Structures are given as structure tokens and as C-alpha cells.
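Trainee: Below you will find the structure I want to go over with you.
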Amino acid sequence: MDYNDMIAATVLHWNYRGFTEFPIHQLDGEEADVTDIYLKDNLITRVPKEIYKLEHLESLYLSGNDITDLPREISMLKCLKCLDLSGNRLKSVPDEIGDVRSLKFLILDENELTELPLRLAELRCLQYLSVCDNKLQWLPQRPVYNYHHCELRFWRNIDLKVIPYSLWYHMFRDQMTRSLNIGCLKFPVSLKSTLNNNCCRLKLSQGSREWDLDIDCPNKYENIQGNVFHSPPSLFELCKRQFYKSINDAAEKLTKYNKDNIERNLSYRINYYSDNFEILERNFEEFNLLNDDANVYDENGNNCDLKHTLKSVNDISKRIKRDKRDYYVPTDVVQKYFNFLPVFIKSDLCNGPISRCENVVCKRPIFDYVHYEFCLGKIILIDNSEEILLSAAFCSKQCAIKWKAGKTVIAWNLIVK
């Protein structure tokens, strides 16, 4: 095979070539010239970290291979608009997918995904997300940024029994789907409880027939409140909620300000809070968390090679000038101002909460403490409609009580493994 002839074009048609590895090494310094790569139906098992060299890549088609994971370096493909990974063996998608902000089409059908990264909701250009025929057990409350201008397809995930109320309300309520059969969200006739983690046992009835249904809860929910006993959220949960709200507000303000105001407001805020930043950083340096390799990680488990902790107003201003963005998200704020935080806290703040309170006058972020309620909804198919289960998450019992007013909710109790 003459690779030199194939490399001449910026659009590389490498389908059905029997490649066992991603042939990036064959580009020999011409990676920046490539805009489209077709590598369908090969034998590729991994995407190399060197993928970042394809800095002008707009389309990458890798369907029908044997890929099990993606490198974090996928986040550096700033021009990527279409990514097709259907028909592989992907078990997860890295959180860093949220940095690919030009992405419009993401196709993940026929893989082995059990959940979706929360940072997918940062992709404001996304128009199409398909995760059909996977092993999804739950869906985020907001899997995409724009409910009304992005098509979400999640059909035939047979382990999926319930979807969030907000997702249904904004995307599927009174809207016809492009499907004859969604192939999930079914009501089983008998109880099949796996009890992988805490689950909610719903009491369902239809006519004279009654039965139980177990709904496994996302592992991220460590404190699920039942209908009988209630405990207050931890101080850590309350702090994360308030901290994330402040970070999210800062990201929205950065997006709103024009270029001149960005630098002026940043300078003011950094001067005002600089002492508090330094105190906070010094306190965290005493924890010595995840310090497995002193040559790579600092005291808080952060990679020293990637660390760019706040040092001065001038340093921040220079980075802002280099890094003009159309919009900012909480991840940007955390990385710019709070990169010294321990990795387990920083991960929660960057990925964001799994949901927000369904009480429309509250909408507090929810990380690991949740009050659940369940009800029924309908999804309209091409030639009929299907009744499905909806889960509603709340930050407190009071918000759950207010939401339930006027709704027919389903009785349930908490089953702990």
C-alpha cells in the first residue's frame, strides 16, 4: 500500500483497509493538513494520544472498529464537528469531551456505555446525539445544552427504566419522536432486582394487577432520602452546591461581558479575592492527597505538568487574551482560578451536578444528596404513544412537597443493598 499517495489529500478515505491501529504515524508531519478521516470498518482497537496533532480535523469516522476507550487528548481537537464511534466497544466517554466545543454531531450507537458524561451539556453547538443500542442505566437530567435544537436518540437501551422529568418535559412532552419503538423504559411484569447499589422500589398498578419495579439509582447519589426517614444534607454537599452556583454565575458573567469588560472585571475580582485565594490554597496544600508520584502530582493530586494556579492579575489577563472563547462554562472558571483544589473536589465542580432541583423556583444543584419522586408520562411515536416512568430529583423534602401538588405520583420505598 502506497501511503504517500493517500496522504496527498486533506480528506483521507481509509475505510475497509484492515488497519489494526490508527495510522496517524503515516502522516509524517502533515497532520495539520487533514480535515476529514474515514476509518470505518477496520480493526482499530485504540485511538492514540497523538490525535491532538490533527489540529484542523473536522470529521472523524471510526464506526465498525474495536475501540474500547478514548484518550483525554480528544479534547484538543478544537475544530472537530462530527465524531462517529458507532459499532465499537466503548465503555465510557472521557469528561474532556466537553472541551470539543465545535462538535455538532456525536454518534455513539452500538457500544457498551452505561452512562454519559455530564459535560456533554457544555457542547452548545451540538445538534445530534445518538446513543442507541448501548447499556445505559440512567440519563442525565440535561444530556445536551439546547433541549429544543438538538436531537437526542437513546432507543434500545434495555437496562434504562426511567428518564428525568425535566428531560421529558423539555424534549419529549407533546413532541413526536422519529421512532416506531423506543425499545426501553418498559414496565416488566415481574420484579427483577439486581441491587447493584441503592435503588427505589416503585409500587405500580394497572387495573386489578399490582407489581413492584426496582429502579437503580446513579452511583453518584450517595445519600438518597426515602419517604419515611429524612436526614439533612452534609456540610460538604451544601458547600459544593453554593460553590458551584458561584462558579456557574461567574461563567455566565464572563460569557456576557464584552472583551474590554472581561479584563477590567477580572482584575477587580482578583484583586478583591486574592488574599482569600492564597489562604484557601495554603490550607489545601496541607492535605497531601493522592500523592502517589511526587514527580508528577502535587499535594492535592493535581498533575504538576498541567497546573496553572492563579499567581497574579497580569498572568490571568495574558491567558484571557490568548484564550478568547465564545462562551465560558464552570470548568473554565475552576481551571483558571481553583486549579489548586484536590482532584475529587475539582472533578465534581468541573463535571457539574448530576441534576438540579425540579422545583422551578429553586433549581439548586444536586451532587450526592437527593429526594426522589416518580410519576408517569408519555412519549409520542410515529404511529402510537408509550407510557413511561419519570424520575424527579429535589434538593430537599420541602421542594418535593411543593412539586407534588396537583400531580399523580407513584408510591415507592428505598431499598439499600
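The values are calculated or read from the model by the stated rules, or taken from the named source; none is laboratory data. Small disclaimer: the values here were computed from a predicted structure and weren't measured. When we count neighbours, we look across all protein chains shown, and the Cβ atoms used for this are built from the backbone with ideal geometry, even at glycine.
Trainee: For the stretch 53-66, which residues satisfy the criterion of being touching a Leu at 6+ places or on another chain (Cβ under 7 Å) and either surrounded by fewer than 16 Cβ atoms within 10 Å (Cβ to Cβ) or assigned to a helix (DSSP H, G or I) (or both)?
Mentor: The answer is D66, and nothing else.
Trainee: Return only the number of the condition from (1) in contact with a helix residue (DSSP H, G or I) (Cβ under 8 Å, 6 or more places away or on another chain); (2) surrounded by 17 or more Cβ atoms within 10 Å (Cβ to Cβ) that V370 does not satisfy.
Mentor: Exception for V370: condition (1).
Trainee: Do you know which of the residues in the stretch 373-410 that are among the polar types (S, T, N, Q) and in a loop (DSSP other than H, G, I, E, B) is surrounded by the fewest Cβ atoms within 10 Å (Cβ to Cβ)?
Mentor: If we take residues in the stretch 373-410 being among the polar types (S, T, N, Q) and in a loop (DSSP other than H, G, I, E, B), then T408 is surrounded by the fewest Cβ atoms within 10 Å (Cβ to Cβ).
Trainee: Select from the stretch 176-198 the residues that are modelled with pLDDT of 85 or more and either under 15 Å from V162 (Cβ atoms) or among the small types (G, A, S) (or both) and list them in ascending order.
Mentor: Matches in the stretch 176-198: S179, I182, G183, C184, L185.
Trainee: When you scan the stretch 324-371, how many residues do you find that are polar (S, T, N, Q), outside any helix (DSSP H, G or I) and either under 19 Å from the mean Cα position of the chain (by Cα) or modelled with pLDDT of 90 or more (or both)?
Mentor: Total satisfying the criteria: 2.
A quick yes/no check of all residues on (1) loosely packed, with under 15 Cβ neighbours inside 10 Å; (2) at pLDDT below 95; (3) part of a helix (DSSP H, G or I); (4) not charged (D, E, K, R):
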{"residue": "A32", "(1), (2), (3), (4)": "yes, yes, yes, yes"}
{"residue": "K40", "(1), (2), (3), (4)": "no, no, no, no"}
{"residue": "L70", "(1), (2), (3), (4)": "no, no, no, yes"}
{"residue": "E73", "(1), (2), (3), (4)": "no, no, yes, no"}
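Trainee: Being exposed (fewer than 12 other Cβ atoms within 10 Å of the Cβ), at pLDDT 70 or above and of a type outside the set (V, I, T) narrows it down to one residue among K240, K203, K256, K245; which is it?
Mentor: K256
Trainee: Quick check on this structure: which one of Y128, Y145, Y169 is assigned by TED's automatic domain parsing to the domain that holds G87, surrounded by fewer than 16 Cβ atoms within 10 Å (Cβ to Cβ) and hydroxyl-bearing (S, T, Y)? It would help to see each step written out before you state the result.
Mentor: Working: Y145 fails: surrounded by fewer than 16 Cβ atoms within 10 Å (Cβ to Cβ); Y169 fails: assigned by TED's automatic domain parsing to the domain that holds G87.
Just a single option satisfies the conditions, and that option is Y128.
Trainee: When the residues of the stretch 233-253 are narrowed to those that are within 19 Å of the chain's Cα centre (by Cα) and either aliphatic (A, V, I, L, M) or outside any helix (DSSP H, G or I) (or both), which ends up farthest from D326 (Cα to Cα)?
Mentor: So, considering only residues that are within 19 Å of the chain's Cα centre (by Cα) and either aliphatic (A, V, I, L, M) or outside any helix (DSSP H, G or I) (or both), the one farthest from D326 (Cα to Cα) is I247.
Trainee: Hey, among L85, L180, which residue is buried (at least 17 other Cβ atoms within 10 Å of the Cβ) and touching a residue at least 24 places away in the same chain (Cβ under 8 Å)?
Mentor: So the residue among L85, L180 that is buried (at least 17 other Cβ atoms within 10 Å of the Cβ) and touching a residue at least 24 places away in the same chain (Cβ under 8 Å) is L85.
Trainee: While we're on this one: Please name all residue pairs, on different chains or six or more residues apart, with Cβ atoms under 7 Å, provided the first residue is in the stretch 207-227 and is under 11 Å from I415 (Cα atoms) and the second residue is surrounded by 15 or more Cβ atoms within 10 Å (Cβ to Cβ) and charged (D, E, K, R).
Mentor: That search, which allows pairs on different chains as well, returns D214/R201; I215/K161.
Trainee: Another one. Could you figure out which of (1) farther than 20 Å from G352 by Cα; (2) at pLDDT below 95; (3) touching a Leu at 6+ places or on another chain (Cβ under 9 Å) isn't true of N146?
Mentor: Among (1) farther than 20 Å from G352 by Cα; (2) at pLDDT below 95; (3) touching a Leu at 6+ places or on another chain (Cβ under 9 Å), the lone unmet condition for N146 is (1).
Trainee: Looking only at the stretch 324-350, which residues are among the polar types (S, T, N, Q) and surrounded by 20 or more Cβ atoms within 10 Å (Cβ to Cβ)?
Mentor: Correct list: T331 only.
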